[in-house]
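The values are calculated or read from the model by the stated rules, or taken from the named source; none is laboratory data. None of these values were measured; they are calculated from a predicted model. Don't worry about glycine lacking a Cβ; one is built from the backbone with ideal geometry, like all the others, and counts go over all protein chains shown.
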Amino acid sequence: AGFPPTLPPEILLFIKSGWQVQLRISLLHLNMRGRQRDNIHTPYKRASSRDRLNAQDREDGLGGNPNPVQNNTGKGYGNPPWIRSLPHVIVAAFSSFLFGYHLGVVNDTLESISLDLSFHGDTMAEGLVVSTCLGGAFIGSTVSGWIADGIGRRRAFQLCAIPLIIGASMSATANGLGGMLFGRFLVGTGMGVTPPVAALYITEVSPAFVRGTYGSFTQIATCLGLIASFFIGIPAKDVPRWWRVCFWVSTVPAALLALLMEFCAESPHWLLKVITYNIFLFFDIIQRGRSAEAEAEFGKLLGGLHVKSSMAEFSKSDRADEVESVKLSELLYGRHFRVVFIGSALLALQQLSGINAVFYFSSTVFKSGGVPSDIANMSVGVVNLSGSIVAMVLMDKLGRKGLLLGSFMGMVCSSVVYLSVGGVLLFVLSFAMGVGPVPGLLLSEIFPSRIRAKAMAICMAVHWVNAESLSSTFGAICSWELGCGFMLLISWTLLVEFWCEICIGRTHSRSLGYNEQGNILPLPY
């Protein structure tokens, strides 16, 4: 019934039988809800909830191997070669270089820009040239998680390079304030996408034993971008229209980012989590994970000896109820709210530590010491870079939490000489050794892979809101006595020290699979 009667009975029976078989397969996929992988696509099976709990008990010292770190690499093969993933990390760090460059490109060029575009002396217009970029960054950060999950980490890098190139080109060729603002807005959207995607990608392609070191590359690249913008902008005060050259220069690393990403590995974690839909007749067959591609990428990043152990580690940590995509409600007030709140608070506290205020006050302090602004900017940039390099060396030795607490303590100790050039440089150095590079890396480690990209997007949106809010309150802080303003920031930093001690756990040298089981939060999760 329901089939055309003109067809031969044999054909009708064949079509009807095939239709019923496909219906059973589709219903089976929907009813299982991801509790068992299709053996055609991957030989690695999920562990049951009881097995996961028993394994976790053994890892916590209740039985079996008391040291969970020893289980993070292939058994009997030691750590995977770090050199394999290094080129991919360096290419991803190009995005952080662009982030730092565009943050500082208008510092030395704003005066000449305002003269050429006829808005010199208009403080509102000059402020818009700076703040429009922050507005675009907020929008870019809010959608970065959906972009990274939708098209993958590699394509997200290539996509964000488009507004960076177009926006910089529009700013370089602008003949009025409107063109400059629109170009800065486009650049801001690209800047908003790059930090969370870079943190995601580097965390997911790096071996566990060097993940902290590689994660510091983003902060180092940001510092290099800032220094490059300061250095390239020096002739802007003497050479007419040099500011246009400063914007054109930024298109080169953006184009290289888009080109070189074509030859980089895709994140195996994204490949194993992505959901594709194959339509057969009138039914959707859900195929979860692209295991063959993920195995190839693991081999490219870690070497062939570590492919099976990495796949098994991922399958063990993968939860049975995580087939469906994450809902926004789960992040804002659902079961993942607590970990998202901790991540957002960590980035907010990074801003509230007062680093931007110190950058602002530093010009006043350096002027009082007779130091020219160009030398002051370069000095702060070099100290920031030096601290980031120290953090890179110590990240996997002292751990994220140790560096974070030590960094906050160093910022507190700098209050002893808060009105001197040395005090400002000590504050910046302490920030760069922990508070600067740690939060972005730590967030990408504490979030489960199912929510990692979208949770990072929410946290970065909070970051940009705080950055914009603090930039608007700098004037009120400056109206106070300098010592009072510094002591307020130091007191707040001391409170943040205690908060980090309570809420942040250990993640270094542990695989992402182990961290995803909720073992990095001291309080119940």
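List of remarks:
Quick grid of which residues meet (1) outside any helix (DSSP H, G or I); (2) within 30 Å of P372 (Cβ to Cβ):
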| position | (1), (2) |
| --- | --- |
| C160 | no, no |
| G167 | no, no |
| N175 | yes, no |
| G179 | no, no |
| G190 | no, no |
| I202 | no, no |
| V210 | no, no |
| S229 | no, yes |
| P235 | no, yes |
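- Selected residue [in contact with a helix residue (DSSP H, G or I) (Cβ under 9 Å, 6 or more places away or on another chain) and either within 19 Å of G225 (Cα to Cα) or in the same structural domain as R452 (by TED's automatic domain parsing) (or both)] from V197, V210: V197
- Residues of the range 430-448 that are over 17 Å from L398 (Cα atoms) and more than 10 Å from the chain's Cα centre (by Cα): I446, F447, P448.
- For the range 73-112, taking the residues that are crowded, with 21+ Cβ neighbours inside 10 Å and assigned to a loop (DSSP other than H, G, I, E, B), the one that is modelled with the lowest pLDDT is identified as T73.
- Between F97, F119, F157, the distinction of being under 30 Å from L305 (Cα atoms), among the aromatic types (F, W, Y) and touching a helix residue (DSSP H, G or I) at 6+ places or on another chain (Cβ under 7 Å) belongs to F157 only.
- With respect to the conditions (1) touching a residue at least 60 places away in the same chain (Cβ under 8 Å); (2) closer than 30 Å to R400 by Cα; (3) out of contact with any Ser or Thr (no Cβ under 6 Å at 6 or more places or on another chain), R244 falls short on a single one, namely (2).
- Every residue from the range 423-468 that is in a helix (DSSP H, G or I) and of a type in the set (S, T, N, Q): S430, S444, N466
- Helices (runs of 4 or more DSSP H) within the range 272-342 that include 3 or more residues buried (at least 16 other Cβ atoms within 10 Å of the Cβ) and at pLDDT 80 or above: 291-302
- Cβ pairs under 6 Å, 6+ apart, first in the range 196-218 and at pLDDT 90 or above, second among the aromatic types (F, W, Y): I202/Y214
- Note on the range 389-407: residues that are over 19 Å from the mean Cα position of the chain (by Cα) and over 17 Å from L349 (Cα atoms) total 5.
- Cross-chain or 6+ apart pairs with Cβ under 7 Å, the range 123-134 first and in a helix (DSSP H, G or I) and surrounded by 18 or more Cβ atoms within 10 Å (Cβ to Cβ), then modelled with pLDDT of 85 or more and charged (D, E, K, R): V129/R184; T132/R184; C133/R184
- Residue in the range 210-246 that is surrounded by the fewest Cβ atoms within 10 Å (Cβ to Cβ), counting only those that are in contact with a Phe, Trp or Tyr (Cβ under 6 Å, 6 or more places away or on another chain) and farther than 15 Å from M378 by Cβ: V210
- Every residue from the range 365-416 that is within 22 Å of I220 (Cβ to Cβ) and outside any helix (DSSP H, G or I): G399
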